[in-house]
Amino acid sequence: ANVVSASLPLLGKKVMVTAGPTYEAIDPVRFIGNHSSGKMGFAIADRFASLGADVTLITGPTAEKSIYPLKRIDVVSAADMLHACKAEFSTAEITVMSAAVADYTPVQKADQKIKKTSTEFSLELKKTEDILATLGQLKKGGQILVGFALETENEEEYAKGKLVKKNLDLIVLNSLNDKGAGFKMDTNKITIFNKAAEKTVFEMKSKTEVAIDICNEILKLAKA
Ligand code: CTP
Ligand code: CA
């Protein structure tokens, strides 16, 4: 092998990564969102780009910036993210879905700012489409699909359930129970499960280092 293929082992390979939260509009000035910073997804996208991959990063609203050159697609809502993912997925050899997609979205978006006229107010929500599960159904032989699971109880059981139900090759379990792990932190503690239900537990580390671990596990699959 020449120097280029040794230092850039993923040259020419298309990788798709999702990152950040989604914002679901309630009215022109309000939304339902979550505390995802986008750091984990950006770190994964940057790691793949540093290995020479042709990375498409589909991200919800975030202050993060990528370090390496990549194709960035900014989206706001879960519906927008679904649309972008469906357009990019079929050509991606590796897909990593680390975005914290809203599970519910308002049934209606008010055209005008909602006024505080009543003492009680409730919002009707409907389920969003599970993007990862949709891609799992579209997946063709040779494509690698990786999801995340964020759990606070029965972590292993729930994570393994999502791996099977969504037709994934790997699932990365994040637990909010661990001190120093989570949305706003610069560190994370993960456990990865593969289709054989084999479990790899990692130490708490920076999200940059966690991204390297996740990429390494994916590359093991890609070589197999
Ligand atoms: N996900 C998705 N589309 C959604 C919701 C989640 O693609 N509408 C993806 C996330 O990107 C993540 C994975 O599904 O990779 C798991 O998200 P998580 O919230 O842990 O699981 P859910 O399947 O949404 O189930 P629940 O929130 O009930 O635990
Ligand atoms: Ca969810």
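Given R₀ = 30 Å, what would the calculated FRET efficiency be for Lys86 paired with His35, taking r from the Cβ atoms and rounding to 0.05? Approximately 0.70, to the nearest 0.05.
Among the listed pairs Lys65/Lys189; Lys71/Lys127; Lys86/Lys126; Lys126/Lys199, those whose Cα-Cα separation exceeds 25 Å are Lys71/Lys127; Lys126/Lys199. Counting only Cβ charges, +1 for Lys and Arg and -1 for Asp and Glu, the dipole size of the chain around its Cα centre is about 360 debye.
Highest GNM mean-square fluctuation among Gly147, Gly52, Gly41, for the chain modelled with Cα contacts below 10 Å: Gly52. Magnitude of the charge dipole for the stretch 116-170, about its Cα centre and with charges confined to Cβ atoms of Lys, Arg (+1) and Asp, Glu (-1), is about 380 debye. Take every pair of alpha-carbon atoms less than 8 Å apart whose residues are at least six positions apart; their mean separation over the length of the stretch 30-110 yields a relative contact order of 30 percent. In the chain, the DSSP beta bridges split such that about 40 percent are antiparallel, to the nearest 5.
Between helix 39-50 and the chain there is an angle of about 30 degrees, using the helix long axis and the longest principal axis of the Cα atoms.
The long axis of helix 155-165 is offset from the longest Cα principal axis of the chain by roughly 80 degrees. When each of the peptides 191-204, 14-27, 127-140 is scored by how many other beta carbons lie within 10 Å of its residues on average, the order from highest to lowest is 14-27, 127-140, 191-204. Each Cα pair under 8 Å and six or more residues apart adds its separation to the average, and for the chain the resulting relative contact order is 18 percent.
Which of Met185, Met97, Met40 moves most in a GNM of the chain, Cα contacts under 10 Å? Result for the chain, Cα springs under 10 Å: Met185 fluctuates most. Cβ-Cβ distance of Glu124 and Met204, R₀ of 30 Å, FRET efficiency by 1/(1 + (r/R0)^6): the value works out to about 0.15. Put simply, when 111-118, 217-224 are sorted by average Cβ atoms within 10 angstrom per residue, most first, you get 217-224, 111-118.
Near Val55, the amide H atoms lying under 5 Å from its own belong to Val15, Lys71; only residues 5 or more places off or on other chains count, and H is placed 1.01 Å from N. Note on Ser90, Ser50: ascending count of other Cβ atoms within 10 Å places them as Ser90, Ser50, the fewest first. Measure nothing fancy, just the Cα-based angle from helix 78-89's long axis to the longest principal axis of the chain, in degrees from 0 to 90, nearest 10. So the inclination is approximately 20 degrees.
None of the figures in this text is laboratory data; all of them are computed from the coordinates on show. Since the model is a prediction, treat every value here as computed from it, not as a measurement. Heads up, the Cβs are rebuilt from the backbone with ideal geometry, glycines too, and the neighbour counts pull from every protein chain shown.
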